[in-house]
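Encoded as C-alpha coordinates, the structure appears first; notes follow it.
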Amino acid sequence: MTITISKGLNITEKTAQNLAKKSVTFVSPRVQGLKMVNAKYYNTSGNLLNPNIETFTINNRDGVISEFSSKRFQDGSKFEIYRLPDEIIKVLKNKFGEIKAFKSSIEQHNTQPESIYENVKNTMRSKTHNFFA
(Lines give C-alpha, C1' and ligand atoms only; values in the text may rest on other atoms or scores of the structure.)
Protein backbone atom coordinates (compact mmCIF):
# COMPACT_ATOMS: atom_id res chain seq x y z
CA MET A 1 0.00 0.00 0.00
CA THR A 2 1.35 3.44 -0.96
CA ILE A 3 0.12 6.61 0.69
CA THR A 4 0.60 9.80 -1.26
CA ILE A 5 0.18 13.10 0.59
CA SER A 6 0.81 15.34 -2.36
CA LYS A 7 1.78 14.73 -5.91
CA GLY A 8 5.25 13.21 -6.06
CA LEU A 9 5.64 12.76 -2.27
CA ASN A 10 5.59 9.12 -1.21
CA ILE A 11 5.89 8.64 2.57
CA THR A 12 6.47 4.88 2.37
CA GLU A 13 9.85 5.28 0.65
CA LYS A 14 13.00 5.80 2.69
CA THR A 15 14.37 9.28 2.03
CA ALA A 16 16.73 9.68 4.99
CA GLN A 17 20.41 9.26 4.31
CA ASN A 18 22.08 6.25 5.94
CA LEU A 19 24.98 7.26 8.18
CA ALA A 20 27.75 5.05 9.53
CA LYS A 21 28.54 5.45 13.25
CA LYS A 22 31.95 5.32 14.91
CA SER A 23 31.85 5.43 18.69
CA VAL A 24 34.44 5.37 21.49
CA THR A 25 33.71 5.09 25.22
CA PHE A 26 36.18 6.32 27.83
CA VAL A 27 35.87 5.28 31.47
CA SER A 28 37.05 7.75 34.10
CA PRO A 29 40.18 6.58 35.90
CA ARG A 30 39.29 8.63 38.99
CA VAL A 31 35.48 8.57 39.38
CA GLN A 32 33.60 5.29 39.63
CA GLY A 33 30.77 5.05 37.07
CA LEU A 34 31.75 8.17 35.12
CA LYS A 35 32.24 7.75 31.38
CA MET A 36 32.46 9.79 28.21
CA VAL A 37 31.05 8.59 24.90
CA ASN A 38 32.27 10.18 21.67
CA ALA A 39 30.31 9.33 18.53
CA LYS A 40 30.71 10.45 14.93
CA TYR A 41 28.24 9.81 12.15
CA TYR A 42 29.51 9.73 8.58
CA ASN A 43 27.92 9.66 5.18
CA THR A 44 28.64 6.11 4.02
CA SER A 45 30.22 7.45 0.84
CA GLY A 46 31.90 10.42 2.49
CA ASN A 47 35.24 11.27 3.99
CA LEU A 48 35.89 9.90 7.50
CA LEU A 49 37.72 13.11 8.42
CA ASN A 50 34.55 15.19 7.96
CA PRO A 51 31.69 13.64 9.94
CA ASN A 52 28.16 14.87 9.34
CA ILE A 53 27.26 14.66 13.04
CA GLU A 54 29.51 14.62 16.13
CA THR A 55 28.41 14.07 19.72
CA PHE A 56 30.04 13.62 23.06
CA THR A 57 28.33 12.95 26.33
CA ILE A 58 29.60 12.66 29.88
CA ASN A 59 27.47 10.23 31.87
CA ASN A 60 27.34 8.86 35.38
CA ARG A 61 25.06 6.24 36.91
CA ASP A 62 22.22 8.77 37.16
CA GLY A 63 22.33 9.79 33.48
CA VAL A 64 23.79 12.48 31.28
CA ILE A 65 25.85 15.21 33.01
CA SER A 66 26.64 17.21 29.89
CA GLU A 67 26.37 16.75 26.14
CA PHE A 68 27.58 18.43 22.98
CA SER A 69 26.21 17.71 19.50
CA SER A 70 27.18 19.25 16.19
CA LYS A 71 25.65 18.83 12.73
CA ARG A 72 27.45 20.04 9.62
CA PHE A 73 25.36 20.96 6.57
CA GLN A 74 26.33 20.74 2.90
CA ASP A 75 26.63 24.54 2.60
CA GLY A 76 29.27 24.58 5.38
CA SER A 77 27.00 25.92 8.11
CA LYS A 78 26.95 24.17 11.48
CA PHE A 79 24.27 23.60 14.13
CA GLU A 80 25.52 23.02 17.69
CA ILE A 81 23.65 22.02 20.83
CA TYR A 82 25.16 22.24 24.31
CA ARG A 83 23.22 20.48 27.08
CA LEU A 84 24.26 21.26 30.63
CA PRO A 85 22.39 20.39 33.84
CA ASP A 86 20.88 23.87 34.11
CA GLU A 87 20.81 25.10 30.50
CA ILE A 88 20.43 24.09 26.85
CA ILE A 89 22.07 26.27 24.21
CA LYS A 90 21.48 26.01 20.46
CA VAL A 91 23.75 27.82 18.00
CA LEU A 92 23.63 28.07 14.22
CA LYS A 93 26.87 29.25 12.60
CA ASN A 94 27.62 29.98 8.97
CA LYS A 95 30.57 28.40 7.15
CA PHE A 96 32.84 31.18 8.40
CA GLY A 97 32.01 30.44 12.07
CA GLU A 98 29.85 33.53 12.60
CA ILE A 99 26.79 33.07 14.82
CA LYS A 100 23.61 33.42 12.73
CA ALA A 101 21.11 32.22 15.35
CA PHE A 102 21.35 31.67 19.10
CA LYS A 103 18.84 30.29 21.60
CA SER A 104 19.31 29.58 25.30
CA SER A 105 16.84 27.94 27.67
CA ILE A 106 17.69 30.77 30.10
CA GLU A 107 15.96 33.79 28.59
CA GLN A 108 18.41 36.39 29.97
CA HIS A 109 21.29 34.72 28.09
CA ASN A 110 19.66 35.35 24.71
CA THR A 111 20.63 39.04 24.90
CA GLN A 112 24.38 38.34 24.94
CA PRO A 113 24.99 35.36 22.62
CA GLU A 114 28.70 35.91 21.94
CA SER A 115 29.81 35.88 25.58
CA ILE A 116 27.46 33.04 26.59
CA TYR A 117 28.65 30.96 23.62
CA GLU A 118 32.31 31.46 24.63
CA ASN A 119 31.45 30.58 28.25
CA VAL A 120 29.68 27.35 27.31
CA LYS A 121 32.51 26.33 24.95
CA ASN A 122 35.02 26.90 27.77
CA THR A 123 32.81 24.96 30.20
CA MET A 124 32.65 21.96 27.87
CA ARG A 125 36.40 22.16 27.21
CA SER A 126 37.01 22.24 30.98
CA LYS A 127 34.71 19.27 31.60
CA THR A 128 36.55 17.25 28.95
CA HIS A 129 39.96 18.26 30.32
CA ASN A 130 38.93 17.41 33.90
CA PHE A 131 37.60 14.04 32.77
CA PHE A 132 41.04 13.00 31.53
CA ALA A 133 43.19 14.93 34.05
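The values are calculated or read from the model by the stated rules, or taken from the named source; none is laboratory data. If you're wondering where the values come from, they're calculated on a predicted model, not measured in any experiment. Quick reminder, even Gly has a Cβ in these numbers, built from the backbone with ideal geometry, and neighbours come from all protein chains shown. Ligands, DNA and RNA are excluded from the accessible area calculation, which covers all protein heavy atoms including side chains. Shrake-Rupley method; radii C 1.70, N 1.55, O 1.52, S 1.80 Å.
Of all accessible surface on the stretch 66-133 at a 1.4 Å probe, what whole percent is carbon and sulfur?
Details: 2220 of 4230 Å².
Ligands and nucleic acids excluded, carbon and sulfur give 53 percent.
Looking at the stretch 28-130, which GluC sites (Glu not before Pro) are in a loop (DSSP not H, G, I, E or B) and have at most 15 other Cβ atoms within 10 Å?
Working: sites: Glu54, Glu67, Glu80, Glu87, Glu98, Glu107, Glu114, Glu118; in loops: Glu98.
Those that pass, being in a loop and sparsely packed, are Glu98.
Would you compute the Debye intensity of the stretch 66-113 from its alpha-carbon atoms alone, equal scatterers and no solvent, and pass along log10 I(q)/I(0) at q = 0.14, 0.18 Å⁻¹ to two decimals?
Normalising to I(0) and taking log10 leaves -0.34, -0.55.
Kindly provide the trypsin sites (Lys or Arg not before Pro) of the stretch 65-133 that DSSP labels as loop, not H, G, I, E or B, and whose Cβ sees at most 15 other Cβ atoms within 10 Å.
Details: sites: Lys71, Arg72, Lys78, Arg83, Lys90, Lys93, Lys95, Lys100, Lys103, Lys121, Arg125, Lys127; in loops: Lys95.
Here the trypsin sites (Lys or Arg not before Pro) that fit, given the DSSP loop and packing criteria, are Lys95.
Treating cross-link reach as a plain straight distance, find the lysines whose alpha-carbon is under 22 Å from the alpha-carbon of Lys35, omitting any fewer than eight places away in the same chain.
Filter leaves Lys21, Lys22, Lys121, Lys127.
Let me check I've understood the local charge: for Lys22, count other residues with C-beta under 12 angstrom from its C-beta, Lys and Arg +1, Asp and Glu -1. What total comes out?
Working: positive: Lys21, Lys40; negative: Glu54.
Within the 12 Å Cβ shell, the charges total +1.
May I ask you to list the chymotrypsin sites (Phe, Trp or Tyr not before Pro) in the stretch 79-133 that are in a DSSP loop and have at most 16 other Cβ atoms within 10 Å of their Cβ?
Working: sites: Phe79, Tyr82, Phe96, Phe102, Tyr117, Phe131, Phe132; in loops: Phe96.
When the chymotrypsin sites (Phe, Trp or Tyr not before Pro) of the stretch 79-133 are filtered for loop state and at most 16 Cβ neighbours within 10 Å, Phe96 remain.
Cα convex hull of the stretch 37-130: how many Å³ per residue? Mind showing how you got there, number by number?
Details: hull volume 10.3 nm³, N = 94.
It comes to 109 Å³ per residue, whole-number rounded.
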